Structures are given as structure tokens and as C-alpha cells.
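Novice: I'd like to ask you about the structure that follows.
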Amino acid sequence: MSRQIHAFPGGVHPPENKDQSSHNPIALPPLPAELTLPLNQHSGAPAKPVVSVGDKVLKGQLLAKANGFVSAPVHAPTSGTITAIEVCPVPHPSGLEEPCIILQSDGEDRWAELEPVTDYTAAAKDLLLQKIHDAGVVGLGGAGFPAAVKMASRTEDKIHTVVVNGAECEPYITADDRLMRERADKIVGGILILRHLLNPKEIIIGIEDNKPEAVDAMRAACKGKNIEVAVVPTRYPSGDAQRLIYLLTGKEVPNDARSVDIGILCYNVGTLAAVHDAIVEGKPLISRITTLTGEALKQPQNVEALIGTPADHLLEFSGLKKRKLHSLVLGGPMMGHTLERTDMPVLKTTNCLIAATWEEFPPAPTPQECIRCGLCSEACPVSLLPQQLYWHSKAENHDQLNHHNLFDCIECGACAYVCPSAIPLVQYYRASKGEIRQLQAKQQKAEYSKKRFEDRQARLEAEKAAREAKRKANAERAAQLKKEKAAAAANPAAAKPEDSAKADEVKAALARATARKATEGKAGRPQLSAKQKELKIQLSMVKAQLKKSERALADAKGSEETNAQLQTNIDKLKAQVATLEKEFEQAAQAPVAAAPEQPAKKAKPVLNEQQKKLKIESAMARAAVKKAQRALDEAGKSAANIDELKQTLQQAQTKADELEAAMKAAADAPAPEPAADKPVKKPKPALSDAQKKLKIEAAMARAAVKKAQRALDEAGDTPELKQALQQAQEKAAEVEAAMQAAAEAPEPAPAEEKPARKAKPVLSDAQKKLKIEAAMARAAVKKAQRALDEAGDDPELKQALQQAQAKAAELEAAMQAAAEAPAPEPEPTPAPAAEKPARKAKPVLSDEQKKLKIEAAMARAAVKKAQRALDDAGEDAANIDELKQTLQQAQAAADAAAEALDKASA
Amino acid sequence: MEIVLYAVGALLLLALVCGAILGFASERFKVEGDPIVDQINALLPQTQCGQCGHPGCRPYAESIANGEAINRCPPGGQATINALADLLDVEAVPLDDEHGEEKPPMVAYIREDECIGCTKCIQACPVDAILGAAKQMHTVIVSECTGCDLCVEPCPVDCIDMVPLEVTTRNWKWDKPLAPDMIIATDRGGQTA
């Protein structure tokens, strides 16, 4: 043997215990009924399932694909059905669960179609690498690093040596030993594929001298292939990749690098056999050689276990003596860990299962204090100072741990093995490593959060600055305008010519613009004044309505009565069209020059506000008409609705007519008219308004109850306060009654459209709002409950809470009632006022009275307004009845408010 | 006498030269800002939760630099206190209970079917970890959430829970063996190593 073996420092010689299992050939256990395949059997990202529950799969079929660069796929080890994809316990020292695919075997063990590469020397290297990756081959020695990733991590000319790891230094384990003895040709096949891919100068197989049969078998298989088989002395942990590399080449891997960085790749013999299977036979990695040993087994042996086979199935196969089983160890006795349960699946990295008796692995002796004997540093194969690490780990001195190269520790357990004080040293190192990693992650997260926080601050600041700049610009412009105006007012004589010149300029520009428009679009048409334009718009709208009505008539060929009514509608509309047209013509005939326009313009500024309002109203009326019409269209054949709808439509139209009239009046004669259309306008938004107000009241009632409760909490057990609360609650009840009454009897003429609309598609909005209310009420109750929890078990408080809950329920009911029944009775303008006095009865008493008074005053004001409107409306006979009715109702509301005030003050 | 004058003159010259060098160096190598505040800020967990009584981590770092106690950061816990003590060379004291207790890493969770889409939590989140729009369901981006629980209070329907970050096989770590004062078997009261 020519190769010089470089002995590494330290190392130990634990009892080998390999004879029990090494003499039996590799056995094939029966097919298990169910296989559990964790998605993460390798280092890197977990695989992504590509099958779903219920799928029938064949042996070797892809179940989960690699997810990302460092990842590996999972294949079906046998044919069968996927019964679940769920989290299951996996053989991990934490005992935690991970997502797994459960495969129920169908017993047929039918292969999927395989695609072997007949001549890999002719195939592209990328394709071979991909094939190895797709076969799910990972390092079978223990770490489970995806084999193809390791191969592809450096370009081929960088790798000069491939070390094949057949050392198998851990006691008990004989899986690689048996593999080398029985399947040396497969291993050599894998080595040759690797040589083809990487073209290294040297390939060395390292085997410990306690496996002479394996050495012979490998030598025989390697004959004439320029592969060196080196025998290394038996010493734990020579099977560690970096120790073996040192043993065979004398090269050490720097502590911040990997072995590939010094041009050396190390593969386990099992991994190379899997590479051979993947390329030459096309088989993915679905089974592995696992050692079953320990004194609790009748027949210790190696088996070729399908990945995912439950451990107890294999142990049963090897004759498990259940009574003798004390602990089941996964891996070797030095680096393995015990399993809490025996139904854990075999993974790609499971090289050994030890079913140990109590005598075999007795509980660890009680640790004593460190005596600084130094045996651990002699045993350490990485030349660390284990006892120093131990002290610093105990003191959580992370700086010192890093300084002593804690992360170079390979956790081989040699130090703990030799420790005369039986200190579980490796446990300390593992815990400290975990802690340091966690702190680093925390630190990274903190830095990341800081960046995000600062980014957010910067964003908010920028938004604020933008807003500020905009505001400033606006203010400046306003100031500029003001200044100009002031200057103009101060010396009108001086300013006038300038002003008029400017005005002339503007006018000229406007004239040009209109002229351009006229020539562009409506050539030959006279320039239209504002009024003409408006008239024109109205005309077109009425025409559209007319068309719609006609269409509706055509659609609704229901009762004759309906038709007649529709017909009258249409007639009316037609009449309107006629009048509008006439008006338009009149307006058109009037001289087109700027002069006549001017007075109209001048008259406007005075009216401005009113006109605006009128316009809005007329738009709303039109919208109402449109809506009603749409409802009518939709209602179509439903005869029951038609009458109602028609009525609505008529009303809306009359309103529109009135509005137009009012608008005309307002446009013609400046001023006080608007009051006349107030009653028309007011009833319209009243529905939504009332709802809104009801909602606000509900919220306020809740707030009041909450406040009272809080006051009660703070005050403790004062009986007076409690009494006050009760009174407040009684009042709240009254309020709610009033509110319900108000909610049940709302709403003016347009309300009649609402039912139509409500019944139809628009409900969603109201429903949403109700939902929000409900959620908020629930939150209030929850908060109150929390307060109660904090306050302890005061039965009175509880009672109060119950009352509050009842109230919340009532409120919800009231809300629903309000939402569901916006009713037929017309309601006066001050309707909200009528509810308000009721609501105001709630809060603290003195306040409440004040508010009631305000309410009453408001109601009175409303009455007054209505009256004035009635006066103003004067001759308009059509309106008078309606207005009078409104007035009466308003008065009734005011009376109610006054009554409530009396009650509250009493 | 002459010798004394020479000596005084030489010392004076030396002093002037050294003074000039020092003066130049203090201008040339002037350090902008307050590096100690940055160092302290780097050790704080950056949850921006305000449990210390300051409106964020940086303000607290500034107060620490001005002599405030270092044990008012519950999210950072003892590890942060130790690191601060190490940095500032002061005694590492236990966490001040007044400002809250150290909890395992938490993450906010929105019960999505109860969310009404009010966006209040989005505005409260200091690290933009909540995703959503008005009247649309909101959700927490777990990887961005610092667990500061600032979003819990503003929620009008109480649909945000703080849940401990789940321990998986990826972030699990080994426990430390029993403390040395548990070495005598009878001290352990039934616990085993």
C-alpha cells in the first residue's frame, strides 16, 4: 500500500458492535401496507407535492418535485394510492411533525416506465446531472445533501480528487460494509459515472481496516480501473468526510469553506450506488440499505428498505422482542438520537436503527463537575478545546464560543465519550449553536425591520411633504387672488381699465373657443348660451325618458290599466318635450351676441348657491325618475309591483317637473323660491339620512352604556352610581323604543322607490353596513367582557354587562328593522329630530337636558322653515297640500320632542 | 540657566507641534453623528412597539445613550439587555416588569372572515407588514411581522390575534442540559437529565 495515511488528531475507539449484523446478507423485507414519505428528507427546501389525495401511482413515479436549487424530489417507493398529504411525526430529534405524503401500497409493486441512459459516455453531462437530480439522489451518509447540486457546485476542472467514503466508523452500523461486499460493481459503476462527469485526477476509496471483506470486494471490482482502494486504521470518527479527506490526502478544509473549495469531492458509497441506479437503470432513489441491530432483535441484519417504511415494520421483520426494547436509536450510538415512537418512517438518510435493551444503553450517569482533566481536548478530532467551549456555553458567552470556533465542532461525541465526569458536552454545544443561530436570525430580522420601518417613515414623510407643498401652493394662489381683488377694490378707477381689458381678453378667448367648437362639431349652428345649453340637455334627457317609457310600455304588455297609465306618462313626457323644445327655440332666436348672455351670467352669481342646489336637486329627481323607470323595466311582467312603481314614477316625474319649474322660476326671478322646493328635496335624501342617523344613535347609545359601565368600574360599589346607571339604562330602553318607532315609520314619497330598489339588487350596501354595525357591537360587548374579567367577579357588574348585551341585541334588531322596513308613510323634514330627543335622553343627565333643548329648538326651526316654505310657495296649488302635510308632521315631531324634553327634565 | 531655557523651548516646540497635529486630526477625522446611538439602535429588536415608553427603537436608543435604563425592551429580552450591557460596559440587570414581560416571538394573525377592511391596522403597522385595501380583507405577511402588537388595539372588530411563532423542524433548537445546580440527584425532584 503506497498511500501515506495522515493520522488526524484525537479520535476514540468505542466498542464496534458490528459483528451482530455484518454477517447476514442484505434481506428484502415484505412490502409494508402503508408508507410515509416526508417532503423534506434532505438538506434544503422541502419538495413540492405534484400528486393529490386519491391519485393512483406506480413504483418510481414522481410524487413531489424539487423546490428550488438546493432541494430533491421524492418518488413513490411502490405502486398504490395516495391516501393523505398531511403533517406527520418524522424522525427528527425535536419530535416535531412535518408534511408527508401517505402512500397506501396496492401490493402489486408495479414499476412505472423507466428511462435508463444506455450509454452515459455519449450523453451530455448536463443531462446526466439533471437525471441524477431528478432521481432524488442525496448524500446517503447522513447529511442528505443533494448529490447533483454538489457535483454541479464547481466546474469540472476545479475538482482534482474524489474521495469515496466507505469508512463507516460509527459502532453498530454495517450498511455500507454489506453494500460494498454485495454490490461493489454498482459502486464502481457510480464512480465511473462520476469520473465521466468530473474527470478528476484521483479517485480514492477509503475503508476502515475492520472491514477486510469489503476491502477485498472493492479491490476486485476496481481492478484495472485506476481507482485506488485505501485502507485506513479504525478510529472514530474517520468516517467524517473532512477527517477522511485528511486521512487520505493530508489536506484540511478551511473553517469557512467546503471541501469542494480545495478541489476535493467526497461521496458515500451508498450515494454512488444510487447514482449508478439512476443513470444505468433509470431508477430513482426509493430504497436504501439500513442496518437493523440491537439486542432487542432476534436477527440483526441489513435490509434494503423502501423509503417511508415504518420502523416497526422492519423491526418486526427482524424479530423484535418487544418486552426487551428499551430505546430505539436512529443512527449510531455516538451521533444518533432516540425515537419516541416506533412507527417513524425510514428516510433517505436513515442508515441504522438500533433496538436497544436497557442494559445495552443504560440511562446516562449523573454528570459531575468538570475537573479540567483535558481528556476531551485530546479526543477532539478537530483540535478544539471542549472544556473551554463547555464553560462558555454554560455562561452563554457567545463571543468566546465563536472565538473558540464552536461552529467547527462536528458534534461527533468523542469528547463526551471520554469525559470522566459524564458531562453531556455535545448537548451543550448543540444548544449553544442553536441559540447563536437564533440570535443571528433575530439580528437579521431586526435589521430588515429597521430598513422597512425607515422606508415607511421616508414614504410617509414624502407624502406629507407633497401634501404640504400642495397646500402651500393653493394658499399662495389664494393670497395672490385676494391681493389682486383688494387692489382692484382699493383703486377701482385705476384698476378698471386694466380689469376690463383683462375681461375683454378672457371674453375674446372664450368666444374663440366657442367659435372653434361650433365650427368643429356643430358647424352652422349658432353659438349657444348657457341657458340654451341647459335647455338642450334637459330636452335630450326628457326625450331619453320618453323613449324609455315607450320601451317599458312595449315590454310590459300586462294589464290594460297599466298600459293606460304608462301611456299617460308618455303623453306627459311628450308634452314636456314640446314645451322644452319651444323654450329652446325661443332661446335660440334671441340674439346670440355676448351682450344678452351677460345679464344671464350676471344674474347667476347672486343666485349661485340656490341655482347650484336646484341643479343638484333636478339631477337627483332625474336620477330618481331613471331609477324608478329601471325598476319598472325590471319589474316587467310582475303586475303586483307595477301599480306601485308607476305611482312612484309619476310622483318622481311630477317632482322633476316641479323642480324644473322651480328652477326656471329661480332662474327668471332671483331669490326666495328655493324654500318651495325644500320639502321636495328634503324627503328625498331622508331615507339614507335617517338610516345614517339611526346608526349614529346606535353607536352613541353603545358608547353611553360603555361610559356608564366604565364609570361604574372606576367608582367601585357606590350604590348611587349604580342607581344612576340603571336609570340611564331604563332611559336607553325608552330611547330604543322611540328609535324603533322612528325606524318603523319613516320616509317620504321617494321612499317608495326604495322598496323596489331594496327588493332588487342593491341590498348589499345596507347589508354590509349592518354587518359592520353588528361586528362593532360584538366588539363592544367583548371589550366590556374583558373589562369585567379584569374587574373580577362583581355580580352587579355582570348584570350590567348582560343588560348591555341585551341592548346590543336590541340595537341590532332595530337596525335590521330600519333596514328592512323603510315604510310607506311620508315623513316630515324634522324626522331625525324626533328620534334625537329620544337618543339624547341617554348620556349624563345635565348634558342631556341641554341637548334636548337644542333638539326642541331645531324641531321648532324646522317647523318654521316649513311654514315659510308654505308662505313662499303661495299660489302653486299643486304643492300646497303636500307642504301643509309636511308642516303638520313637522309640528307633530316638534311636539314629540318637547314632550321628551319634559319627561327628561321631570 | 541656558539649559533650562533650551529645555523649555524644546518642550514648547513639541507641544505646539503635537497640538497642531491633534487639531488637524480632530478636523480631518471628524465623526459625523452619534455612533453610540447607532450601535445601541443596532442591538434593539426594531419592533417599534413602543413598550419602552418611546415612540420607536431609535428614540429609546438615544435615551439609553443619555443614561436611561437598558432593561425596558421586552421584545429584546435578556439577550438584548446583555448585549447592551456589554456594549455600554454596565451591569446587566433583569428586565423591568413595568414595561412588559419577555414573550416568545409572536406574529399577528387576522381572522380574515371577521375583518371589515377598515385599514386601521395597516396604518398602525410600523413595518408595512399588513396587506389589504379599504373594504377588502386584510392579511399579515408573516415574514415581515415583528410581533409588536400595535395593530391589535386599533382593530374595531377585535379580529387580530397575536400567536406565537410556530416551532418547526427548521427553527427548532436543542435544549440546554440541566443546570449544574441540578447535578445532585435529590435536587432535581424527579426530573431526569
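A quick yes/no check of all residues on (1) open to solvent by less than 30 Å² (accessible area, probe 1.4 Å); (2) within 27 Å of A:Gln440 (Cα to Cα):
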site	(1), (2)
A:Leu339	yes, no
A:Asp343	no, no
A:Leu347	yes, no
A:Ser377	no, no
A:Leu389	yes, yes
A:Ser393	yes, yes
A:Leu406	yes, yes
A:Glu411	no, yes
A:Ala414	yes, no
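Novice: Further, regarding this structure: Go through region B:75-116 and give me each residue that's surrounded by 15 or more Cβ atoms within 10 Å (Cβ to Cβ), part of a loop (DSSP other than H, G, I, E, B) and within 14 Å of another protein chain (Cβ to nearest Cβ).
Specialist: Matches in region B:75-116: B:Pro75, B:Gly76, B:Glu102, B:Pro105, B:Glu114, B:Cys115, B:Ile116.
Novice: In region A:134-144, which residues are of a type outside the set (A, V, I, L, M, F, W, C) and in contact with a strand residue (DSSP E or B) (Cβ under 7 Å, 6 or more places away or on another chain)? Don't jump to the end; show me each part of the working.
Specialist: Step one: filter region A:134-144 for residues of a type outside the set (A, V, I, L, M, F, W, C), giving A:134, A:136, A:139, A:141-142, A:144.
Residues satisfying the conditions are A:Gly136, A:Gly139, A:Gly141, A:Gly144.
Novice: Now for a different question. Let me spell it out: the conditions are (1) without any contact (Cβ under 8 Å) to a residue 40 or more places away in the chain; (2) not in a loop (DSSP other than H, G, I, E, B), and A:Ala274 meets all of them except one. Which number is the exception?
Specialist: It fails just one condition, (1).
Novice: If I ask for residues that are of a type in the set (Gly, Ala, Ser) and under 27 Å from A:Phe317 (Cβ atoms), which ones from region A:8-28 would you list? Spell out the reasoning first.
Specialist: Restricting attention to region A:8-28, the residues satisfying the condition of being of a type in the set (Gly, Ala, Ser) are A:10-11, A:21-22, A:27.
The answer is A:Ser21, A:Ser22, A:Ala27.
Novice: Spot the failing condition for A:Gln400; the list is (1) more than 14 Å from chain B (Cβ to nearest Cβ); (2) not in a loop (DSSP other than H, G, I, E, B), and only one is missed.
Specialist: Evaluating A:Gln400 over (1) more than 14 Å from chain B (Cβ to nearest Cβ); (2) not in a loop (DSSP other than H, G, I, E, B) leaves (1) as the failure.
Novice: Further question: Are any of the residues in region A:379-394 among the aliphatic types (A, V, I, L, M) and at the interface with chain B (Cβ under 8 Å from one of its Cβ atoms)? Give the steps one after another, and end with the answer.
Specialist: Filtering region A:379-394 down to residues among the aliphatic types (A, V, I, L, M) leaves A:379, A:382, A:384-385, A:389.
Still in the running and at the interface with chain B (Cβ under 8 Å from one of its Cβ atoms): none.
No, that holds for no residue.
Novice: Counting just the residues of region A:82-123 that are within 14 Å of chain B (Cβ to nearest Cβ) and touching a Pro at 6+ places or on another chain (Cβ under 6 Å), which one comes out surrounded by the fewest Cβ atoms within 10 Å (Cβ to Cβ)? Quick ask: steps written out before the conclusion?
Specialist: Step one: filter region A:82-123 for residues within 14 Å of chain B (Cβ to nearest Cβ), giving A:87-100.
Now drop any that are not touching a Pro at 6+ places or on another chain (Cβ under 6 Å), which leaves A:87, A:90, A:97-98, A:100.
On the way: A:Val87: 13, A:Val90: 21, A:Glu97: 15, A:Glu98: 18, A:Cys100: 24.
Among those that are within 14 Å of chain B (Cβ to nearest Cβ) and touching a Pro at 6+ places or on another chain (Cβ under 6 Å), it is A:Val87.
Novice: Could you pull out the residue among A:Ala479, A:Ala441, A:Ala458 that is within 11 Å of another protein chain (Cβ to nearest Cβ) and hydrophobic (A, V, I, L, M, F, W, C)? Walk me through how you get there before you give the answer.
Specialist: Values: A:Ala479 fails: within 11 Å of another protein chain (Cβ to nearest Cβ); A:Ala458 fails: within 11 Å of another protein chain (Cβ to nearest Cβ).
Step by step, each of A:Ala479, A:Ala441, A:Ala458 is checked, and only A:Ala441 is within 11 Å of another protein chain (Cβ to nearest Cβ) and hydrophobic (A, V, I, L, M, F, W, C).
Novice: Please work out which residue is farthest from the chain's Cα centre (by Cα), limiting yourself to region A:403-420 and to residues that are under 15 Å from A:Ala379 (Cα atoms) and part of a loop (DSSP other than H, G, I, E, B).
Specialist: The qualifying residue farthest from the chain's Cα centre (by Cα) is A:Pro420.
Novice: Still on this structure, I have one more. Within region B:159-169, is there a residue that is open to solvent by 20 Å² or more (accessible area, probe 1.4 Å) and either within 21 Å of B:Cys57 (Cβ to Cβ) or assigned to a helix (DSSP H, G or I) (or both)?
Specialist: yes
Novice: OK, next. Could you list, ordered by first residue, the pairs with Cβ atoms under 9 Å in which the first is in region B:151-179 and within 11 Å of chain A (Cβ to nearest Cβ) and touching a residue at least 60 places away in the same chain (Cβ under 8 Å) and the second is open to solvent by 20 Å² or more (accessible area, probe 1.4 Å) and among the polar types (S, T, N, Q), at least 6 apart or interchain?
Specialist: As it stands, the answer is B:Leu165/B:Asn171, since those pairs meet every condition given.
Novice: Name the residues in region A:131-143 that are open to solvent by 30 Å² or more (accessible area, probe 1.4 Å) and more than 16 Å from A:Ala47 (Cα to Cα), would you? It would help to see each step written out before you state the result.
Specialist: Kept after step one, since they are open to solvent by 30 Å² or more (accessible area, probe 1.4 Å), are these residues of region A:131-143: A:131, A:133-134, A:141-143.
Result: A:Lys131, A:Gly141, A:Gly142, A:Ala143.
Novice: Is there a residue being at pLDDT below 90 and among the basic types (Lys, Arg) anywhere in region B:113-129?
Specialist: For region B:113-129, residues at pLDDT below 90 and among the basic types (Lys, Arg): absent.
The values are calculated or read from the model by the stated rules, or taken from the named source; none is laboratory data. Here the structure is a predicted model, which means the values were calculated and not measured. Virtual Cβ from ideal backbone geometry, glycine too; neighbours counted across all protein chains shown. Accessible surface areas use protein heavy atoms only, side chains included; no ligands, DNA or RNA. Shrake-Rupley method; radii C 1.70, N 1.55, O 1.52, S 1.80 Å.
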